[in-house]
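These notes concern the structure reproduced below.
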Amino acid sequence: MSAPPVASVRYRDVFGVPEFRVLFVLQTLQAGGESIRIIALSVLTFEETGSSLAAAIVFGAGMLPYVVGGAFLLSLADRVPGRRLLTAFHLLRFAVIAVFALDAVPLPVTILLLVVVGLFAPVGSAAVQGRLPALLPGDQYVLGRSLFTMTAACSQVAGQGVGGLLLSVLTPSGTLWLAAGTAGMAALTAHLGLPDTIMKRGGSSGTLRETWRVNRVLLGGRTTRGLLLAVWLPIAMSVGAEGVLVPYATGLGLALIHILRF
């Protein structure tokens, strides 16, 4: 006797979960808004300093702190209720981007603020991703997780494209205010749309010790270590190349103007 057919999981089943829809909106707003912020702030820095190095540092300044936050702070996502954590994180993003939009802070302060946001960015991501297994059982989780990955990548590409278009009609400061608006929308969405529950009860040890204990377990396994490195290394290399895009594009533009003149 043959086994009964297994019901296929569809995207509408995943989007039928209300909390998943909220998390999906948060993911999209953050990925798109951060892409706009990155390109606008890099352009603003290059305009004011004329330094390719400064523009590149600002472009990727949040990446190394992201690694540090991921190594030592991730267990906060298990200890702080999701609504409070994500609302606070996006409010932090809003405040920092608004400061950038004011164009009133020196370069060292800009880098310091990027480091602060970068430290807590993995905690926000963990709070979102860690909720998915509880919301989406079985194959729904696989579909929902892959949907998050695809949407994040598309939002980053679209955000940079939109950021470039906005910079053609607005100042970098004006574009940064729009990026701050996406962070404000994310904070409001998290506050109104998420339940105030703890994602998963954390261990009895401190935040730093518990985070590092779990990371040691993950990195200690040959399979998981290989999978993690396969994700991390290409992203790290691409960020290094993307950091010089603004100076490179400016150089191309000046060269084209010179050619057209002659």
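The values are calculated or read from the model by the stated rules, or taken from the named source; none is laboratory data. Since we're looking at a predicted model, the values are computed, not measured. Neighbour counts run over all protein chains shown; Cβ positions are idealised from the backbone, glycine included. To get the accessible areas, we keep the full protein, side chains included, count just its heavy atoms, and leave off ligands, DNA and RNA. Shrake-Rupley method; radii C 1.70, N 1.55, O 1.52, S 1.80 Å.
Considering 169, 162, 157, which residue is within 27 Å of residue 48 (Cβ to Cβ) and within 15 Å of the chain's Cα centre (by Cα)?
It is 157.
Could you list, in sequence order, all residues of segment 189-202 that are surrounded by 14 or more Cβ atoms within 10 Å (Cβ to Cβ) and at pLDDT 70 or above?
189, 190, 191, 193, 194
Can you tell me which residue in segment 39-91 is modelled with the lowest pLDDT, limited to those that are closer than 18 Å to residue 116 by Cβ and not in a helix (DSSP H, G or I)?
If we take residues in segment 39-91 being closer than 18 Å to residue 116 by Cβ and not in a helix (DSSP H, G or I), then 62 is modelled with the lowest pLDDT.
Tell me whether segment 155-170 contains one or more residues that are open to solvent by 70 Å² or more (accessible area, probe 1.4 Å), part of a helix (DSSP H, G or I), farther than 18 Å from residue 45 by Cβ and β-branched (Val, Ile, Thr).
So far as segment 155-170 goes, yes, one or more of its residues are open to solvent by 70 Å² or more (accessible area, probe 1.4 Å), part of a helix (DSSP H, G or I), farther than 18 Å from residue 45 by Cβ and β-branched (Val, Ile, Thr).
So which residues in segment 171-201 are free of Cβ contacts under 8 Å to residues at least 60 places away in the same chain and not in a helix (DSSP H, G or I), if there are any at all?
171
So which of 75, 8 ends up being open to solvent by less than 70 Å² (accessible area, probe 1.4 Å) and of a type in the set (Ser, Thr, Tyr)?
75
Would you say residue 105 is open to solvent by less than 60 Å² (accessible area, probe 1.4 Å), over 16 Å from residue 26 (Cβ atoms), of a type in the set (Val, Ile, Thr) and assigned to a loop (DSSP other than H, G, I, E, B)?
It is true that residue 105 is open to solvent by less than 60 Å² (accessible area, probe 1.4 Å), over 16 Å from residue 26 (Cβ atoms), of a type in the set (Val, Ile, Thr) and assigned to a loop (DSSP other than H, G, I, E, B).
Looking at segment 132-152, which of its residues are more than 16 Å from residue 182 (Cβ to Cβ) and open to solvent by less than 50 Å² (accessible area, probe 1.4 Å)?
Residues satisfying the conditions are 132, 135, 136, 140, 143, 144, 146, 147, 148.
Go through (1) open to solvent by 20 Å² or more (accessible area, probe 1.4 Å); (2) under 25 Å from residue 165 (Cβ atoms); (3) not small (Gly, Ala, Ser) one by one and return the number of the condition residue 45 breaks.
If we test residue 45 against (1) open to solvent by 20 Å² or more (accessible area, probe 1.4 Å); (2) under 25 Å from residue 165 (Cβ atoms); (3) not small (Gly, Ala, Ser), just (1) comes out false.
Could you tell me how many of the residues in segment 6-28 are in a helix (DSSP H, G or I), within 15 Å of residue 141 (Cβ to Cβ) and of a type in the set (A, V, I, L, M)?
2
Quick one: which of 96, 115 is under 21 Å from residue 182 (Cα atoms), touching a residue at least 40 places away in the same chain (Cβ under 8 Å), part of a helix (DSSP H, G or I) and among the aliphatic types (A, V, I, L, M)?
None of the others qualify; the one that does is 115.
Can you find a residue in segment 30-38 that is in contact (Cβ under 8 Å) with a residue 12 or more places away in the chain and over 17 Å from the mean Cα position of the chain (by Cα)? Reasoning before the result, please.
Step one: filter segment 30-38 for residues in contact (Cβ under 8 Å) with a residue 12 or more places away in the chain, giving 30-38.
Those left that are additionally over 17 Å from the mean Cα position of the chain (by Cα): none.
No, every residue in segment 30-38 fails to be in contact (Cβ under 8 Å) with a residue 12 or more places away in the chain and over 17 Å from the mean Cα position of the chain (by Cα).
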